[in-house]
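Q: This is the structure I have questions about; it appears just below.
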Amino acid sequence: MKITGVYLAAGNSYRMGTNKLTLPLGNKEMGRWGLEKAVLSEINDIIIISNHLNHLDLSGFCSKKIITVETKEPGAGQSHSLQTGIRSANKINADAVIILLADQPFITTNMINKLIEIYKGNPNYSFVASSFHGCIRPPILIDKDLFSDIHLLRGDRGARQILMAKKEQGILVPFYEEKWFVDIDNMKEYLFWKNKIDNN
């Protein structure tokens, strides 16, 4: 089975007021945290979706796993970025994708590998989704059977609504560490986590 990561890094950071993925968090830029975890995982390839304004610093990444794709409509919302990733994954014959958010720095390699392990052991699942207190949260693994459903999304919508409508076709995998699911959207959240990391 070929599992491809789709790393969504094309947002405009409106709520932050600056490109949040380039902001320093600990000893590296925010956008590198989740990417490093994905590179170390059992994902076969990682497609980074960026736009002409937001390019991640990939210096130091020697991984042959990484493919970069620039979306032509950065203002079209998360659905467009996700669809761009799905089309790219189709071109390299992916059996499934794992959706990853570039502003979710505290995910772990073990989380990603757990989703892959469950999927490979249950090939009839259409999705294997992380959850926190019963709520679906990225990272999310989606089988190619649902790729056509992703292309029906519009605006700033992710895959969650599709999975909720098809709950019987997949499984939610509970994780109990709230920090792993933090996505940093505004300056207040950024400064909180920056100070927390700097003072540890």
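The values are calculated or read from the model by the stated rules, or taken from the named source; none is laboratory data. Note that the structure is a prediction, hence the values are computed from the model and not measured. Here Cβ is always computed from backbone atoms with ideal geometry, including for glycine, and neighbour counts include all displayed protein chains. Areas reflect the complete protein model, heavy atoms only, side chains present, ligands, DNA and RNA absent. Shrake-Rupley method; radii C 1.70, N 1.55, O 1.52, S 1.80 Å.
Q: Taking segment 102-124 as the region of interest, how many residues are under 19 Å from LEU82 (Cβ atoms) and either of a type in the set (S, T, N, Q) or open to solvent by 10 Å² or more (accessible area, probe 1.4 Å) (or both)?
A: The total comes to 2.
Q: Hey, which of the helices (runs of 4 or more DSSP H) in segment 125-200, taking only ones fully inside, have at least 1 residues that are hydroxyl-bearing (Ser, Thr, Tyr) and open to solvent by less than 70 Å² (accessible area, probe 1.4 Å)? Please lay out each step first, then the result.
A: Working: elements: 147-150, 160-165, 187-198.
Filter on segment 125-200 gives 187-198.
Q: Continuing with the same structure: Note down all Cβ pairs under 8 Å where the first residue falls in segment 45-74 and is modelled with pLDDT of 90 or more, the second is in a loop (DSSP other than H, G, I, E, B) and among the charged types (D, E, K, R), and they're at least six residues apart or on different chains.
A: So the pair list comes out as ASP45/LYS2; ASP45/LYS65; ILE46/LYS65.
Q: Being aromatic (Phe, Trp, Tyr) and within 13 Å of GLY17 (Cα to Cα) is the filter here; which residues of segment 177-194 pass it? Let's see the steps before the verdict.
A: The first filter runs over segment 177-194 and keeps only residues aromatic (Phe, Trp, Tyr), leaving 180-181, 190, 192-193.
Within segment 177-194, TYR190 is the sole residue that qualifies.
Q: Quick check on my filter: what residues within segment 58-106 are assigned to a loop (DSSP other than H, G, I, E, B) and over 23 Å from TYR14 (Cβ atoms)?
A: Within segment 58-106, LEU58, SER59, GLY60, PHE61, CYS62, SER63, LYS64, LYS65, ILE92, ASN93, ALA94, ASP95 qualify.
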